[in-house]
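The values are calculated or read from the model by the stated rules, or taken from the named source; none is laboratory data. Since this is a predicted model, take the numbers as computed values, not measurements. Don't worry about glycine lacking a Cβ; one is built from the backbone with ideal geometry, like all the others, and counts go over all protein chains shown.
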Amino acid sequence: MSYEIWIIIVASLVGITCGVIGCFLILRKLAMLADAISHTVLLGIVLAFLISQSMNGIYMLIGAAIVGLFTAMLIQFLNHKGIQEDASIGVVFTFFFAIGVILITVFADSVHLDVDHALMGEIAFVPFDMVEIGFLPPLPKAFIMLLSILILNIILMMLFYKELKITSFDPALAAAIGIPVMFIHYLLMGMVSVSTVASFDSVGAILVVAMLIAPGASAYLLTNKLSHMLCLSAFFGVLAAISGYYVATWIDSSISGSMAMMSGVLFALVFIFSPTKGLLGKKMNHKRFRSESTAP
Amino acid sequence: MTNPIEIRNLTVAYDKTAVLKDVQFSIPKGSLTGIVGPNGAGKSTLIKAILGLIPKVSGEIKIYGKPYKAKDRLVGYVPQRGSVDWDFPTSALDVVLMGRYGHIGWFKRPGKEDTILAKESLKKVGMDSYANRQISQLSGGQQQRVFLARALVQDAQVYFMDEPFVGVDAATEKAIIQLLTDLKDQGKTVIVVHHDLQTVEEYFDHCILLNKEVIASGVTEEVFTVEQLHQTYGGKLAFLDKGKVMVEQKR
Amino acid sequence: MEQIGQMLLAANTQWVLIGTLLLGLASGILGSFALLRKQSLIGDAVAHAALPGICIGFMLTGERSLIILLIGATVTGLLAAYCIQYIASASILKEDTAICLILSTFFGVGIVLLTKVQQMPSGNKSGLDSFIFGQAAGMVSSDVKLMAGAAALLLMVTIIFFKEFKLITFDAEFAKGLGLPVSALNFLFMTLLVAVVVIGIQAVGVILMAALLITPAISARYWTNSLSKMVIISGIFGAISGVIGTLISSLDRGIPTGPFIVVTATIIFFISILFAPARGIITLKIKRRMTNQKLLREQGQVK
């Protein structure tokens, strides 16, 4: 398959994986945790490399998942110690990210990661990094990794759908009827971490954050049903990936940057034009309401 | 026969300051009990501690003679309406269905039977025509009814409700109290956190006066006396003509 | 050692140290207010959102004039802060979602523009990418003086409006009742916050600037319960972090400043949370053990 198609497919997979899981982060008011985890996985990747001395994707996935979960736990711990949530998030992620950057600088000769790569990813190189598995034609590594994570996420989400839903909406009731709220929380955090790291390598930290939040936020303004929100969010993720790619080739600029930008543009459009919860929609509803209430 | 609820020497603390001290009471089966006390008296904390939502420092909590376990399905819970985000993308029916989640078990979805039960209890609270309405489009009273329907569908023996009358219209308040009385008549035990002193005698047959410790508990006529209310509220009581009491609430 | 000694004598390094010291002081002080107003993560978004402004400033003028870049950064930073507050107030989305959304999409735009800048003939020498992680040691002296001057100015304004900020932070309703122009003061505070973030990004970088607002302030919270003391302590912690981070990064070219400032600030935070006199975790443990022993001893005496 052509070069272009692979980039679009991989970016779309990022859009779906992050978009769907991001909905839960938005509904649980954990959006900033997405930001935090997407920064701290850098440390996980660097540590995995320094310990295993290889660029093998599996080690990085494990390293990032561990550091991601650790981030969530440390934030929870500081929060529990009475530090307000935004501050705990801010302290933890900047610290881990700083250490990640320092390690990269110190071991610059041996680490093939550079910080720009971590931020912006190297999606343009995705089609050159092919592997063959069994009888399948050569496929990009990033594609295989993202597809497996997506499938894993979907299975977990289907298994724990109602638990994810009730712990997001009403954790107190969930706990009272015996649903392990903390387990579900860390399950979600684990999913966020592996999704982040699987996406991270190809698209960089910034697009991961954008894809985690922007599609979900757009979808939230268009529907009143959780299942619809998840599907719409995946759709917006794909749309941002495709439109971002073409904008990037058109203006000859960063691919992941354009995708992040387009996810924002799509959000802005929804924010203004959504029929029920958009700016214009609300205005029209007000008008209708007024004319109805003045009618005899 | 054991009482549905027995609490002994319960102490709960936040950051080393005791919120509940040595709380002790029991509630008989088939009663409608109001927990009454000033702001910050630990009323919600008491319910949460009983349900194991916050850890206790010491003491014994028994529900039908056994420590509380969610899987016994003996308890239904109605949290404060303000404790959840009503912008959540879900419908009234869906919220009621959540009450069945404890019964459904892992890896299964709510089935037809659960939906029928959920619809029935929406009907009981007079909300059947709003089943598919998004929850943010309901009024405060309607939201509270949905919460109540969700508790009914839990099919429990003991119900805990945290301030169900806050921000609801008079019609809803009447409907809720009627439902609670029905539950009581079916032999269920209902415990309500309440702060409107004027309606205590009218609504509840049992009453617990709480201000960090239990001032008095038992049958309303015996407990709900001016003297004991004074003890509960300190000097913050003012008296009305008809022998009724009200609290100067600082909001 | 000798190397450090020589370095400290260099005039430029001295200026850089003064600059990061003042910057740390200003951001520590403004950060305390931001923390209490629960706006610290807005600082994070503002820092990220400064990147497109910097690039636009460069593209419009075609040269690397710090003042133009800072003006560009201030404009997009303020725009981001405004967008966050608007989205959070006009839709069902909560503030944290709005912050994250604005942060990532503005930064995406910034990356797009940065790529374009680097394609410009004058762009690859512009060094704009040093804004991402900060490079205090490499700053030219006029830039450093600008940073130091701006930080000093921000400090002065904050001190002048100290009691008004205290009031709107603590009880905005009451402040309104007193006849204070609350919305104007809010805007002023937001502008100061954006300004300190903007002047800081050259030294600390857009990604880690938030730490300089949050970490010293939350550390200071452990040492005192009074706002004025908290502000001063936070300023001092910020200044110490700025100076130590700068010293480490000037040891060798290519060591970014931001991460070391952040690590220093975080170490101060860990010391605070563990050992602060009244609230430190370990302090409390020791105290509890001492009371227990005392009780035991007293009981022994009674027996």
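Observations
- Look at segment A:250-274: where a residue is within 21 Å of C:Val117 (Cβ to Cβ) and a partner is among the basic types (Lys, Arg), sitting 6+ places away or on another chain with Cβ atoms under 7 Å, you get A:Ser253/C:Lys116.
Quick grid of which residues meet (1) of a type in the set (D, E, K, R); (2) within 16 Å of the chain's Cα centre (by Cα):
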| residue | (1), (2) |
| --- | --- |
| B:Val19 | no, no |
| B:Gly34 | no, yes |
| B:Leu46 | no, yes |
| B:Gly52 | no, yes |
| B:Val57 | no, no |
| B:Lys62 | yes, no |
| B:Val75 | no, yes |
| B:Ala92 | no, no |
| B:Ile104 | no, no |
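- Selection count, segment A:210-231, where residues are touching a Leu at 6+ places or on another chain (Cβ under 7 Å) and among the hydrophobic types (A, V, I, L, M, F, W, C): 6
- Output for segment B:96-130, where each listed residue is within 13 Å of chain A (Cβ to nearest Cβ), buried (at least 17 other Cβ atoms within 10 Å of the Cβ) and in a loop (DSSP other than H, G, I, E, B): B:Gly99, B:Arg100, B:Pro110
- If you go through segment A:153-167 and keep only what is of a type outside the set (Asp, Glu) and more than 7 Å from chain B (Cβ to nearest Cβ), you end up with A:Asn153, A:Ile154, A:Ile155, A:Leu156, A:Met157, A:Met158, A:Phe160, A:Tyr161, A:Leu164, A:Lys165, A:Thr167.
- Of the helices (runs of 4 or more DSSP H) lying entirely inside segment C:172-235, those containing at least 1 residues that are touching a residue at least 40 places away in the same chain (Cβ under 8 Å) and of a type outside the set (S, T, N, Q) are C:182-204, C:209-221.
- Residues (under 22 Å from C:Ile18 (Cα atoms), facing chain A (nearest Cβ under 9 Å) and in contact with a Leu (Cβ under 9 Å, 6 or more places away or on another chain)) located in segment C:193-211: C:Ala210
- Taking each residue of segment A:42-60 that is within 22 Å of A:Pro140 (Cβ to Cβ) and looking for partners that are of a type in the set (D, E, K, R) and buried (at least 22 other Cβ atoms within 10 Å of the Cβ) with beta-carbon atoms closer than 9 Å, six or more apart or interchain, yields A:Ile45/A:Asp201; A:Gly57/A:Asp201; A:Met60/A:Asp201.
- Evaluated against (1) more than 14 Å from chain A (Cβ to nearest Cβ); (2) more than 24 Å from A:Asp86 (Cβ to Cβ), C:Cys55 falls short on exactly one condition, (1).
- Entirely in segment A:122-191, the helices (runs of 4 or more DSSP H) that have 2 or more residues that are within 18 Å of the chain's Cα centre (by Cα) and crowded, with 19+ Cβ neighbours inside 10 Å: A:141-159, A:161-169
- Among the residues of segment A:235-276, those identified as at the interface with chain C (Cβ under 9 Å from one of its Cβ atoms), of a type outside the set (Gly, Ala, Ser) and under 24 Å from the mean Cα position of the chain (by Cα) are A:Val247, A:Met259, A:Met261, A:Met262, A:Val265, A:Phe267, A:Phe271.
- If you go through segment B:159-190 and keep only what is surrounded by 17 or more Cβ atoms within 10 Å (Cβ to Cβ), more than 19 Å from A:Leu173 (Cβ to Cβ) and of a type in the set (Asp, Glu), you end up with just B:Glu173.
A quick yes/no check of all residues on (1) modelled with pLDDT under 90; (2) of a type in the set (S, T, N, Q); (3) closer than 25 Å to A:Thr276 by Cα:
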position	(1), (2), (3)
C:Gln85	no, yes, yes
C:Ser104	no, yes, no
C:Gly108	no, no, no
C:Gly149	no, no, no
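- Taking first residues from segment C:59-77 that are within 16 Å of C:Ser122 (Cα to Cα) and partners that are charged (D, E, K, R) and part of a helix (DSSP H, G or I), the Cβ contacts under 8 Å between residues at least 6 apart in sequence or on separate chains come to C:Met59/C:Lys116; C:Leu66/C:Asp143.
- Residue check for B:Val36: buried (at least 23 other Cβ atoms within 10 Å of the Cβ) and either acidic (Asp, Glu) or within 14 Å of chain A (Cβ to nearest Cβ) (or both): no
- Selection count, segment B:131-145, where residues are outside any helix (DSSP H, G or I), under 17 Å from B:Ser83 (Cα atoms) and among the aliphatic types (A, V, I, L, M): 1
- Only residues that are within 13 Å of chain C (Cβ to nearest Cβ), in contact with an Asp or Glu (Cβ under 9 Å, 6 or more places away or on another chain) and not small (Gly, Ala, Ser) were counted in segment A:204-234, giving 4.
- Residues satisfying the criterion are absent from segment B:174-189 (criterion: within 14 Å of chain A (Cβ to nearest Cβ), under 15 Å from the mean Cα position of the chain (by Cα) and touching a residue at least 12 places away in the same chain (Cβ under 8 Å)).
- Scope segment C:59-78; condition buried (at least 24 other Cβ atoms within 10 Å of the Cβ) and over 18 Å from C:Ala211 (Cα atoms); matching residues: C:Leu69, C:Leu70, C:Ala73, C:Thr76
- Filter result (within 14 Å of chain C (Cβ to nearest Cβ) and either without any contact (Cβ under 8 Å) to a residue 60 or more places away in the chain or farther than 22 Å from C:Lys94 by Cα (or both)) within segment A:16-29: A:Lys29
- Residue check, A:Glu4 within 11 Å of another protein chain (Cβ to nearest Cβ) and charged (D, E, K, R): no
- Residues of segment C:124-145 classified as in contact with a Gly (Cβ under 9 Å, 6 or more places away or on another chain), more than 8 Å from chain A (Cβ to nearest Cβ) and part of a helix (DSSP H, G or I), total: 5
- In segment A:81-89 there is at least one residue matching the filter, namely being at negative phi, within 14 Å of chain B (Cβ to nearest Cβ), surrounded by 14 or more Cβ atoms within 10 Å (Cβ to Cβ) and at pLDDT 85 or above.
- Some residue of segment B:65-85 being more than 14 Å from every other protein chain (Cβ to nearest Cβ), assigned to a helix (DSSP H, G or I) and farther than 25 Å from B:Gln178 by Cα: no
- Any hit, segment C:115-122, residues being more than 19 Å from A:Leu119 (Cα to Cα) and either in contact (Cβ under 8 Å) with a residue 12 or more places away in the chain or under 16 Å from the mean Cα position of the chain (by Cα) (or both): yes
- Of the numbered criteria (1) part of a helix (DSSP H, G or I); (2) polar (S, T, N, Q); (3) away from chain A (no Cβ under 14 Å), the one B:Ser44 fails is (3).
- Assessment of segment A:198-221 against the conditions (of a type in the set (Ser, Thr, Tyr), more than 30 Å from A:Ile5 (Cβ to Cβ) and either assigned to a helix (DSSP H, G or I) or touching a Lys or Arg at 6+ places or on another chain (Cβ under 8 Å) (or both)) yields at least one matching residue.
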